[in-house]
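Working notes, structure below.
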Amino acid sequence: MHIEQTILDKVNEWLTPTFDEQTHDAIKLMMTSAPKDLEESFYKNLEFGTGGMRGIMGVGTNRINKYTLGKNTQGLSNYMIKSFPGEQLKVAIAYDCRHNSDTLAKVVADVFSANGIHVYLFSDMRPTPELSFALKYLNCHAGIVLTASHNPPEYNGYKVYWQDGGQLVPPQDGEIIEVIEALNYSEIKFEANNSLIEYIDVAIDEAFAKSTVENASFNTPKEAKETLKIVYTSLHGTSIKSIPNVLAKAGYTDVNIVKEQEVPNGDFPTVKSPNPEEPEALSMALALANEIDGDIVIGTDPDSDRLGVAVRDTDGKMILLNGNQTMVIMTAFLLEQWKRAGKIDGKQFIGSTIVSTPMMLELASGYNVECKVGLTGFKWIAKFIKDFPELKFIGGGEESFGFMVGDAVRDKDAVGACLLVCEIAAQAKAAGSSLYKELLNLYVDFGFYKEHLISLTKKGISGMQEINQMMIDLREHPMSEINGQRVVCIEDYENSTSKNMFSNEIESIAIPKSNVLIYYLEDGSKICARPSGTEPKIKFYFSVNAPLDTVANAKEIESELDTKIKNIIAAMQLN
């Protein structure tokens with residue numbers, strides 16, 4: 001096959017003495033036996049997306065390896081030295097259960113230390129939210145987590161956090177990327193100064209657990225906690241290091257762990273995908289819940305920032321909640337607790353994202369707080385906390401199974417969310433209700449909102465071109481009607497415009513640019529399209545709603561909303 005000269009130039013650079021023999025051998029093998037793999041490995045540089053940088057592990061500029069991560073770390077070191085002149089710089093580093101995460105974390109630590117930066121390195125895998133907490137707790141300037149979240153086993157990744165404990169946001173992310181891209185690989189300092197590398201573990205674990213219990217506990221009676229039957233799975237990930245300990249400290253005694261998934265394992269052998277968004281991932285936990293008559297099922301992704309929840313419906317059957325439903329339940333509970341404590345005075349806010357349920361706006365209005373809505377990714381919610389110090393953050397989330405309780409952790413946090421959802425379930429059960437019944441009551445009060453997500457996977461160069469073309473078509477040839485409903489407005493976040501499709505009036509959107517399109521229909525339905533920032537996918541988010549007069553009519557209304565979503569998908573030819 002013909003390989004473009006720009007790719008060959010990169011390959012030849014990687015065959016110079018700057019790179020080790022192992023790298024040379026892997027490249028030569030691809031050149032002779034797998035030229036397509038060679039092209040995929042070098043045709044572009046790995047980029048920072050919504051959740052940091054993720055990619056397949058291997059050699060090349062489009063892969064996760066010691067050189068691509070070393071270059072990131074050298075660039076970040078240079079930027080920090082310039083940004084904080086004269087200060088003793090400190091960073092914290094954590095990593096998850098993935099293959100090579102520990103060795104890559106040590107490479108990153110070595111480069112920081114070689115640049116005179118003090119490193120706090122976790123001695124073993126830890127959840128991502130603990131890194132955000134540790135960074136602030138230890139007064140660090142930055143933090144790194146080696147994780148690819150819920151991606152397949154061949155992936156790894158690199159997430160960068162700043163002083164506030166949140167992920168990098170503009171303009172710093174762009175500035176740092178510029179510094180990284182201007183570097184040559186030969187400039188990376190790999191020789192560690194081991195005197196600057198300090199290992200951390202138990203003391204931080206205990207501080208994190210104490211903080212979580214303080215933030216996510218709400219006067220649940222002891223008996224209510226002890227009678228809640230919890231089924232929990234870590235899906236072979238890092239949450240096993242924190243969640244059992246936090247639940248025990250909070251007083252939950254009936255915690256049943258899925259043993260087959262308890263041991264961390266980067267192959268994730270019992271699931272197709274270690275993602276609690278996928279129903280299949282929680283099948284073993286659901287089976288255990290049915291066996292022991294559990295009240296609630298909780299599952300977390302490998303780095304423990306996403307939380308999947310299943311509860312019993314009005315017929316006693318275990319059903320999976322989606323991320324929008326868990327977010328609404330947790331947010332409403334927090335708002336009610338703040339209201340009862342007399343702590344709401346109009347100077348509070350909750351956080352959400354443009355692809356999440358509009359029901360969050362209804363909750364905010366009902367409790368006289370602000371709802372700040374940002375782009376996909378928790379870094380934007382963390383940025384709201386930093387940008388609006390006059391407002392107190394209550395909690396917030398996004399549809400992709402993430403939630404944040406308060407501001408001690410500045411990223412989605414499955415550890416805190418796990419405890420919070422158990423508090424809600426325990427209090428509901430003690431009151432003769434259930435977590436699901438509480439959700440239905442919210443639908444009566446605020447409207448029945450139903451959401452659905454479709455992810456279309458398009459791998460490789462051709463897949464990226466296909467995704468780009470789909471977005472071009474939606475932009476340049478917008479649909480005027482979907483499922484018999486007129487399109488009333490289209491928001492285009494790439495060019496920061498909101499267009500009224502009836503009057504053709506255009507208003508500007510004051511949210512950072514992103515490749516996202518949202519169609520609003522005249523019946524209140526909402527359809528969002530966006531390419532994933534971390535996976536080879538294009539995602540379509542659907543939200544429909546209808547009033548619900550009484551809980552008794554919930555099944556009928558839900559069926560109508562499900563049908564509407566199916567019809568919209570068919571009308572857009574996405575099935």
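The values are calculated or read from the model by the stated rules, or taken from the named source; none is laboratory data. Keep in mind the model is a prediction, meaning the values are calculated, not measured. So basically every Cβ, Gly included, is an ideal-geometry build from the backbone, and we count neighbours across all protein chains shown. Only protein heavy atoms, including side chains, enter the accessible area calculation; ligands, DNA and RNA are left aside. Shrake-Rupley method; radii C 1.70, N 1.55, O 1.52, S 1.80 Å.
Values as computed for the structure displayed
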{"item": "Some residue of region 530-540 being in contact with a strand residue (DSSP E or B) (Cβ under 7 Å, 6 or more places away or on another chain) and open to solvent by 50 Å² or more (accessible area, probe 1.4 Å)", "result": "no"}
{"item": "Single match in Asp523, Asp549, Asp562 (criterion: among the acidic types (Asp, Glu), closer than 21 Å to Glu438 by Cα, in a loop (DSSP other than H, G, I, E, B) and touching a residue at least 24 places away in the same chain (Cβ under 8 Å))", "result": "Asp549"}
{"item": "Number of the exception - Val444 against (1) touching a Leu at 6+ places or on another chain (Cβ under 7 Å); (2) of a type in the set (A, V, I, L, M); (3) under 30 Å from Lys222 (Cβ atoms)", "result": "(3)"}
{"item": "Members of region 73-82 that are crowded, with 20+ Cβ neighbours inside 10 Å and of a type in the set (A, V, I, L, M)", "result": "Leu76, Met80"}
{"item": "Residue in region 192-204 that is in a helix (DSSP H, G or I), in contact with a helix residue (DSSP H, G or I) (Cβ under 6 Å, 6 or more places away or on another chain) and modelled with pLDDT of 95 or more present", "result": "yes"}
{"item": "Members of region 222-255 that are in contact with a Phe, Trp or Tyr (Cβ under 8 Å, 6 or more places away or on another chain), without any contact (Cβ under 8 Å) to a residue 40 or more places away in the chain and either part of a helix (DSSP H, G or I) or surrounded by 21 or more Cβ atoms within 10 Å (Cβ to Cβ) (or both)", "result": "Glu226, Pro244"}
{"item": "Positions within region 498-520 being assigned to a loop (DSSP other than H, G, I, E, B), within 25 Å of Gln485 (Cα to Cα) and in contact (Cβ under 8 Å) with a residue 12 or more places away in the chain, in sequence order", "result": "Met501, Phe502, Ile509, Asn515, Val516"}
{"item": "Lys159 vs. criteria in a helix (DSSP H, G or I), under 28 Å from Pro274 (Cα atoms) and of a type in the set (Lys, Arg)", "result": "no"}
{"item": "Selection from region 444-497 of residues that are of a type in the set (Lys, Arg) and part of a helix (DSSP H, G or I)", "result": "Arg475"}
{"item": "Cross-chain or 6+ apart pairs with Cβ under 6 Å, region 194-219 first and touching a residue at least 60 places away in the same chain (Cβ under 8 Å), then open to solvent by 80 Å² or more (accessible area, probe 1.4 Å) and of a type outside the set (Asp, Glu)", "result": "Ala207/Tyr137; Val213/Lys249"}
{"item": "Residue check, Ser434 in contact with a Cys (Cβ under 8 Å, 6 or more places away or on another chain) and within 28 Å of Lys555 (Cβ to Cβ)", "result": "no"}
{"item": "Checking Asn219 against (1) closer than 30 Å to Phe393 by Cβ; (2) assigned to a helix (DSSP H, G or I); (3) open to solvent by 30 Å² or more (accessible area, probe 1.4 Å), the condition it does not meet", "result": "(2)"}
{"item": "Selection from region 278-328 of residues that are among the aliphatic types (A, V, I, L, M), open to solvent by less than 20 Å² (accessible area, probe 1.4 Å) and in a helix (DSSP H, G or I)", "result": "Ala281, Leu282, Ala285, Ala289, Met327, Val328"}
{"item": "Qualifying residue in region 154-164 (condition: of a type in the set (D, E, K, R), within 22 Å of Ala209 (Cα to Cα), buried (at least 23 other Cβ atoms within 10 Å of the Cβ) and under 16 Å from the mean Cα position of the chain (by Cα))", "result": "no"}
{"item": "Test for Asn139: is it surrounded by fewer than 23 Cβ atoms within 10 Å (Cβ to Cβ), outside any strand (DSSP E or B) and at pLDDT 95 or above", "result": "yes"}
{"item": "Residue, nearest to Leu247 (Cα to Cα), within region 439-473, restricted to residues that are at pLDDT 95 or above, open to solvent by less than 70 Å² (accessible area, probe 1.4 Å) and not aliphatic (A, V, I, L, M)", "result": "Asn441"}
{"item": "Pairs with Cβ under 8 Å, 6+ apart, first in region 273-284 and more than 16 Å from Val311 (Cα to Cα), second part of a helix (DSSP H, G or I) and open to solvent by less than 60 Å² (accessible area, probe 1.4 Å)", "result": "Ser273/Ala281; Pro274/Ala281; Asn275/Ala281"}
{"item": "Number of positions in region 224-270 that are among the aliphatic types (A, V, I, L, M) and touching a strand residue (DSSP E or B) at 6+ places or on another chain (Cβ under 6 Å)", "result": "7"}
{"item": "Selection count where residues are buried (at least 24 other Cβ atoms within 10 Å of the Cβ) and more than 14 Å from the chain's Cα centre (by Cα), scope region 406-418", "result": "2"}
{"item": "Some residue of region 363-374 being closer than 29 Å to Ile144 by Cβ and open to solvent by 30 Å² or more (accessible area, probe 1.4 Å)", "result": "yes"}
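Every residue, every condition in (1) touching a strand residue (DSSP E or B) at 6+ places or on another chain (Cβ under 8 Å); (2) surrounded by fewer than 23 Cβ atoms within 10 Å (Cβ to Cβ), yes or no:
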{"position": "Phe19", "(1), (2)": "no, yes"}
{"position": "Gln22", "(1), (2)": "no, yes"}
{"position": "Phe42", "(1), (2)": "no, no"}
{"position": "Gly60", "(1), (2)": "no, no"}
{"position": "Phe84", "(1), (2)": "no, yes"}
{"position": "Glu87", "(1), (2)": "no, yes"}
{"position": "Ile93", "(1), (2)": "yes, no"}
